[in-house]
1. For the stretch 366-389, name all the residues that are of a type in the set (S, T, N, Q) and farther than 20 Å from LEU140 by Cβ.
2. Could you please let me know if SER450 is in contact with a Leu (Cβ under 6 Å, 6 or more places away or on another chain), modelled with pLDDT of 95 or more and surrounded by 18 or more Cβ atoms within 10 Å (Cβ to Cβ)?
3. Please work out which one of (1) of a type in the set (S, T, N, Q); (2) touching a residue at least 24 places away in the same chain (Cβ under 8 Å); (3) within 21 Å of PHE396 (Cα to Cα) is the condition THR65 fails and give its number.
4. Being more than 24 Å from LEU246 (Cα to Cα) and assigned to a helix (DSSP H, G or I): is that true of LYS103 here?
5. Hey, can you tell me all the residues within the stretch 124-145 that are under 30 Å from ILE204 (Cβ atoms) and among the aliphatic types (A, V, I, L, M)?
6. Among the candidates ASP297, ASP332, ASP307, which residue alone is within 28 Å of ASP200 (Cβ to Cβ) and either loosely packed, with under 15 Cβ neighbours inside 10 Å or among the hydrophobic types (A, V, I, L, M, F, W, C) (or both)?
Amino acid sequence: MLTKSYSYIPQFLKPHVKDAVEFPDLDALSSMLGIKVREAEKLVIKNNEKLAGYKVRDVFCTKETRELKKEILKMLAAYATTKNGRELVLTRTPTLDREELQKRFDDVHESERLKELLGDERIAQVQEILSEAEIENMSLGKSPLIATRRRKLEATMKELYGDFVCVDIVDSVDKAQALLQKEDIILLVSEGEDEGAFDDPGIITITDDDLSDICVIYPEFVVNSFMAKKKALEAVIRLVTDFEELRDSALFNGISVTDLEAVVACIGRIETGESTLEANFDEVMYRWEEALNKEVDRIMRSGGGADDFKAYLDEVVVSMADELMLTGEDKDILLESAYENLERGPPFEFSRGKTEVLRQRYNRKMRERRYYRSRDSAKQLEVQSEAVSTAIKQLFYFDFMLAVSRFSLDFGLTIPEIAEDGFGVIKGRNPFLVDEELKGGEQVVPVSYSVGKTNLGIFGATPHPVATLTGANSGGKTCLVIMLASSLILTELGLPVPAERAEMPLQPLYVYRRKMIKKTGSFEYSMRALGRIFMREGAKVVLIDELEALTEPGAMGRIMASVLNNLPKDTLAVMITHLIHELLPHISMRKVRVDGIESEGLDAAGNIIVDRQPMFNHIGSSTPELVITKLLGRVRKEELKKVYEEILKVLEKEREEWG
């Protein structure tokens with residue numbers, strides 16, 4: 001479960017870390033392991049990679065691909081209701097295993113079925129319940145102190161509890177007394193002899209068998225861990241109880257409402273017990289001192305004597321002992337503190353030396369009582385730890401799947417078919433453009449496109465494994481490639497894709513985005529990045545968006561042609577280029593298909609009209625002539641008109657030569 005960096009985790013903490021990784025709960029991981037939230041996220045991702053059997057970088061093989069994955073998941077995460085649901089989205093990892101992907105797709109179908117069964121009104125009720133589900137920040141509580149005579153026990157405790165538990169060597173009663181001045185309670189490991197020597201309040205004897213029992217050693221941690229999950233558990237109970245459709249769904253399979261209700265009831269009793277405040281020793285002392293001094297005044301005014309006051313004092317001591325639950329030696333100390341200053345006369349005051357001893361003993365006894373209550377509660381709760389873990393994992397996974405269902409509806413997604421030798425979409429849409437459309441932007445024009453062998457039946461799309469995409473500026477070439485990349489990424493994440501129908505292969509994906517290439521800058525860097533395609537054997541998908549700006553066009557054309565001609569066997573690829581005429585003399589037309597997006601002229605406002613649907617086996621016309629024509633129609637200066645007219649003649653002659 002854990003990476004090498006975090007392999008040293010105390011034994012007691014491992015089940016809690018496992019839960020926090022699987023929910024996931026990044027804040028809890030950060031707190032328990034003392035790491036940043038970003039590191040906690042990496043830990044969750046590594047665990048997901050192990051479960052999926054694939055590392056992210058082995059499936060999404062370039063930085064650009066992984067950045068695109070993050071951008072897509074960020075859009076999806078906005079649909080989750082809970083914080084943990086969003087973290088579950090953002091830490092999703094891919095797989096190339098067909099069986100695992102089918103399970104993921106089945107869960108998508110199930111969430112869509114539930115959404116349809118419940119209807120919009122009841123889905124809104126479900127989301128309202130989910131909005132109250134959270135794992136609250138957990139207090140780790142005060143570290144317990146283990147006292148022992150054996151130095152070898154320190155190593156054992158370190159392995160079990162790390163730095164969460166303190167261990168001290170106690171070889172005498174005096175050392176125990178000194179520790180009690182610093183701590184309210186000490187857990188003393190019994191040696192089977194002289195146990196009676198350590199019988200002060202606050203010293204709790206435990207055995208070797210108790211050392212591995214977290215409920216004995218660190219009950220406060222156990223109780224706090226369950227209390228932090230209370231709202232999430234209440235949400236599960238409400239969902240499963242109020243919605244029969246959820247109770248019968250595979251997404252909530254195996255949840256025991258009875259066990260969860262027992263946990264919530266136990267937490268309620270703990271909270272009630274905490275709200276019942278124990279008597280504050282100092283407040284009790286001062287209150288009764290005040291009452292005694294009022295009685296002194298009354299007795300003196302009425303002519304009474306010392307015996308009258310002593311009688312009242314004896315009654316007060318009995319009442320104080322009852323209120324503070326004092327017995328035996330402690331009751332005797334209270335009585336002594338009451339009579340020690342009696343001969344001094346009014347105002348009356350308990351002996352401060354005696355009451356300080358009594359206060360320390362009282363506070364230790366109260367801490368003992370809290371410890372035993374906490375230990376009993378921890379044992380009751382720990383029995384249900386597996387039921388709680390299962391329920392919470394399913395709760396946040398349900399939130400994740402409900403987010404997928406809602407995202408799918410808004411973005412028009414569909415479950416893809418898995419292909420072997422090609423990929424493509426029918427009426428595919430770039431999800432980032434759809435996101436803009438949903439926010440009031442322009443309507444997205446769907447396109448159909450395929451590479452390699454598919455059963456999509458797109459007219460004209462011959463089964464070449466490699467395609468170059470040419471044509472008009474701002475015609476949608478980059479958007480099409482991003483749409484294809486998004487569909488491949490979503491497929492390998494086990495999620496639906498933005499198309500009416502899609503066929504996608506399970507192959508490592510290499511995306512090279514123009515904006516990333518511009519950011520990194522150098523020709524050398526880009527060539528090294530492209531080299532990764534050739535360093536790995538086996539089938540893969542390669543999507544390249546315009547590399548031509550990296551060096552002069554003639555050389556770049558030959559370089560790109562060499563890349564396309566020598567792509568490893570079974571590679572499927574699409575490359576956007578404006579240098580098709582520099583490529584054509586050098587590429588293998590048996591392997592590479594040339595597609596184009598056509599500009600159709602200018603509209604009445606002078607804007608360029610583009611047909612977004614690519615034409616297959618066709619060189620798309622670029623738009624410099626249209627741009628110059630547009631500028632020519634607006635210019636007034638004769639000198640500039642002549643320049644534009646000359647440019648148009650040159651472009652027309654060049655196109656005739658390409659003819």
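The values are calculated or read from the model by the stated rules, or taken from the named source; none is laboratory data. Owing to the predicted nature of the structure, the values given are computational and were not obtained by experimental measurement. Glycine also receives a Cβ, built like all others from the backbone with ideal geometry; neighbour counts cover every protein chain displayed.
1. Hits for the stretch 366-389 are GLN380, GLN384.
2. Here the answer is yes, as SER450 does meet what is asked.
3. With respect to (1) of a type in the set (S, T, N, Q); (2) touching a residue at least 24 places away in the same chain (Cβ under 8 Å); (3) within 21 Å of PHE396 (Cα to Cα), THR65 is out only on (3).
4. no
5. MET138, LEU140, LEU145
6. Among ASP297, ASP332, ASP307, only ASP332 is within 28 Å of ASP200 (Cβ to Cβ) and either loosely packed, with under 15 Cβ neighbours inside 10 Å or among the hydrophobic types (A, V, I, L, M, F, W, C) (or both).
Here is a yes/no grid of residues against (1) in the same structural domain as LEU233 (by TED's automatic domain parsing); (2) in contact with a Lys or Arg (Cβ under 8 Å, 6 or more places away or on another chain); (3) of a type in the set (A, V, I, L, M); (4) part of a helix (DSSP H, G or I):
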| position | (1), (2), (3), (4) |
| --- | --- |
| LEU73 | no, yes, yes, yes |
| GLU112 | no, no, no, yes |
| LEU117 | no, no, yes, yes |
| GLU121 | no, no, no, yes |
| ALA178 | no, no, yes, yes |
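Rundown of residues vs (1) part of a helix (DSSP H, G or I); (2) under 30 Å from LEU488 (Cβ atoms); (3) over 48 Å from the mean Cα position of the chain (by Cα); (4) modelled with pLDDT of 90 or more, yes/no style:
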| site | (1), (2), (3), (4) |
| --- | --- |
| GLN360 | yes, no, no, no |
| ARG367 | yes, no, no, no |
| ALA378 | yes, no, no, yes |
| ALA391 | yes, no, no, yes |
| ASP399 | yes, yes, no, yes |
| ASP410 | yes, yes, no, yes |
